[in-house]
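To start, the structure under review is shown below, and the notes come after it.
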């Protein structure tokens, strides 16, 4: 595994992290045995940057991760998030970025993770009803108290990020970024570089769409992706053709589509650390191999040409999801 530095810190994180959400949240039926084996394999191959959140499976994701985190605490850099409230069916209802809620949320996460400190604590979104300065100020208090080590934001606008960073150094900004989701290239990625903040892409494989291994018609009834525009109608057809073309480029490079997609993300900047999610060892190993794929100018141009050929990719979120994205 290769490593990249977290923001302006001295922390060395695996260039490919591990998103743990799908182990028991949003993507079909959980398999705790295989998920635990995947976490253990991640540790074995040097993937030390793990990402979870309190809202994933209503806390059960943190509890699952804790089974491997606790006995290996000094080998893992754990990131979790707060703010979303969900109902008993795991559907997001509101976002609460208030200092009062944060205090209860961090204690609950510490307990579920069975640790006395969280390495990277993200605000899962920006609360339009709470000044970002107030929220980050309260997060800074958690740093002083020794409950968290570093502060992160997720899906924040450039304006919110600047305001937050002025209160306390933000070490990481997490947002969706992949071959199919590139709006952060205009402002966010350059701003992170300017401010010395790591940019952490979630869903860097476009939730499986660029792997050429996803059959949309076979998704489970409770799979989150079934509600997203990209997996429906003309968009699904477009993306199927795109993934086939992408697989052909990958084959010519002697790598898998997933490895090529992650190599492309890594090539966009040394301050970028993607966190592809998986609950299976075979995909974990496949993803890890992306750090050895080197892309030249010709490769990058070929990928851009393919994307231009199939532009009708569809929105990444539906209206209900978009309402939580920062527009400040």
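For the reader, a short list of remarks on this structure follows.
- Distance-filtered residues of segment 226-260 - backbone nitrogen under 16 Å, label point 7 angstrom along residue 294 Cα→Cβ: 253-255
- Full-extension gain in nm, residue 29 to residue 103, via 0.36 nm per residue minus C-alpha separation: 23.5 nm
- Cβ crowding within 10 Å, taken as a proxy for footprinting-reagent exposure, orders 43, 180, 285 from fewest neighbours to most as 285, 43, 180.
- The helix-based estimate of mean residue ellipticity at 222 nm for the chain, built from -39,500 (n - 2.57) per DSSP H run of four or more residues and divided by its residue count, is -11500 deg cm²/dmol to the nearest 500.
- For Cα Rg over 2.2 N^0.38 Å, computed directly from the structure shown, the correct entry in (1) 1.06; (2) 0.94; (3) 1.38 is (2).
- Measuring max minus min along each principal axis, the C-alpha atoms of segment 22-113 give extents of 38, 30, 17 Å (largest first).
- Label-point separation in nm, residue 166 to residue 92, each point 7 Å along Cα→Cβ: 2.7 nm
- For segment 166-183 versus segment 137-153, the gap between their alpha-carbon centres in whole angstrom: 18 Å
- Taking label positions 7 Å along the Cα-Cβ direction at both residue 140 and residue 328, the computed distance is 1.4 nm, reported to one decimal.
- Counting other Cβ atoms within 10 Å as a rough exposure proxy, the listed residues 16, 47 run 47, 16 from fewest neighbours to most.
- Take the Cα of residue 45, step 7 Å toward its Cβ, do the same at residue 193, and the gap between the two points is 2.9 nm.
- Stretchable slack from residue 129 to residue 307, in nm (0.36 nm times residue separation minus alpha-carbon distance): 60.3 nm
- Cβ-based exposure ranking for 282, 60, in which fewest neighbours within 10 Å come first: 282, 60
Read the figures in this text as sums done on the coordinates, not as results from a lab. Everything quoted here is computed from the prediction, not taken from an experiment. Please note: Cβ atoms are built from the backbone with ideal geometry, for glycine as well, and neighbour counts cover all protein chains shown.
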